């Protein structure tokens, strides 16, 4: 081997050993961080099982993003093919909105203002019972008096102006008596500086029949208005009425005998209930039209999924795990020595009213009460 070859081999060896040294030195430098980096470098990284859990659960989180994106497309498709009516609860007697393909949404006129007046006076009576209730029989408690005295000022203003309100004479007279009795009750209990249960009973007895009249008149005003609106819309839509989807919202307290849903049902066939006429439950008295549309879109879209995957259009209107969970409940109840207590099975696509429909003893309306 000549001297040049030996020299070249020596240079290559030196270069290689230097590279290794740099690499090792670099790795060592990266692993040796200054003390101020300990708060970052010292973080405990998740183990393989935790990473796997996060990756799998991320599928469900991502699903909602996919649902949201697809929902916008499906909603636009529904509104381009079907008229949609939303009946939304409100303090003014409700809102009805008609969406027609290719046209701007049409919002119906509000219920006549007499409805709101009747309801406001009625609420003032029952509110007094709620406000003083926690203080009944507590002679050393005066915490309720400033609040009640302040409300008396509002009641007096309403009493002095009730004759100018927009309602029939008979209604004004009844509301005048309701307000006057509210004021008299406040005067009695504030003078006595204590609220007795007998005071509350006497107040309720004096107001009960007047309250029933207000409730009756308010319901009649609301129903007549919305029946007229829907009859007009059905006539306008003509044959397209058979393609209408309609939905109303409700919270638990307004679920039974829901006024807006019940009015809508008069313009649909019994087989349309739960199919094209849907009651959407919520935890809030009020719901935005967009929230309602999104909920209705999800229901309609999920029906195509149920049909495609399981051969049942209405399967996903129900708790998907409900059937298997029911079987498990029966088995677990038997294993634990208790009797399973479950309602009868109802077929998917049932057209029963989405409220309590089983008859039984006991009052079912204000008219049934003593």
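Table for the structure above
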quantity	calculated
Residue match in the range 291-312 (condition: assigned by TED's automatic domain parsing to the domain that holds residue 350, on the phi < 0 side of the Ramachandran plot, touching a helix residue (DSSP H, G or I) at 6+ places or on another chain (Cβ under 9 Å) and not in a helix (DSSP H, G or I))	yes
Some residue of the range 316-325 being in the same structural domain as residue 74 (by TED's automatic domain parsing), touching a strand residue (DSSP E or B) at 6+ places or on another chain (Cβ under 8 Å) and in a helix (DSSP H, G or I)	no
Qualifying residue in the range 69-82 (condition: part of a loop (DSSP other than H, G, I, E, B) and in contact (Cβ under 8 Å) with a residue 40 or more places away in the chain)	yes
Candidates 232, 220 - the one that is within 30 Å of residue 268 (Cβ to Cβ), loosely packed, with under 15 Cβ neighbours inside 10 Å and under 28 Å from the mean Cα position of the chain (by Cα)	220
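Conditions tested, residue by residue: (1) free of Cβ contacts under 8 Å to residues at least 12 places away in the same chain; (2) assigned to a helix (DSSP H, G or I); (3) not assigned by TED's automatic domain parsing to the domain that holds residue 123.
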{"residue": "214", "(1), (2), (3)": "no, yes, no"}
{"residue": "226", "(1), (2), (3)": "no, yes, yes"}
{"residue": "233", "(1), (2), (3)": "no, yes, yes"}
{"residue": "236", "(1), (2), (3)": "yes, yes, yes"}
{"residue": "248", "(1), (2), (3)": "no, no, yes"}
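For every residue, the table says whether it meets (1) more than 30 Å from residue 276 (Cα to Cα); (2) without any contact (Cβ under 8 Å) to a residue 60 or more places away in the chain; (3) assigned to a helix (DSSP H, G or I).
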residue	(1), (2), (3)
85	no, no, no
117	yes, yes, yes
121	yes, no, yes
129	yes, no, yes
146	yes, yes, yes
153	yes, yes, yes
172	yes, yes, yes
182	yes, yes, yes
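The values are calculated or read from the model by the stated rules, or taken from the named source; none is laboratory data. Every value quoted in this text rests on a predicted model; they were computed, and no experiment measured them. Methodologically, a virtual Cβ is constructed for each residue, glycine included, from the backbone with ideal geometry; neighbour enumeration extends over all protein chains shown.
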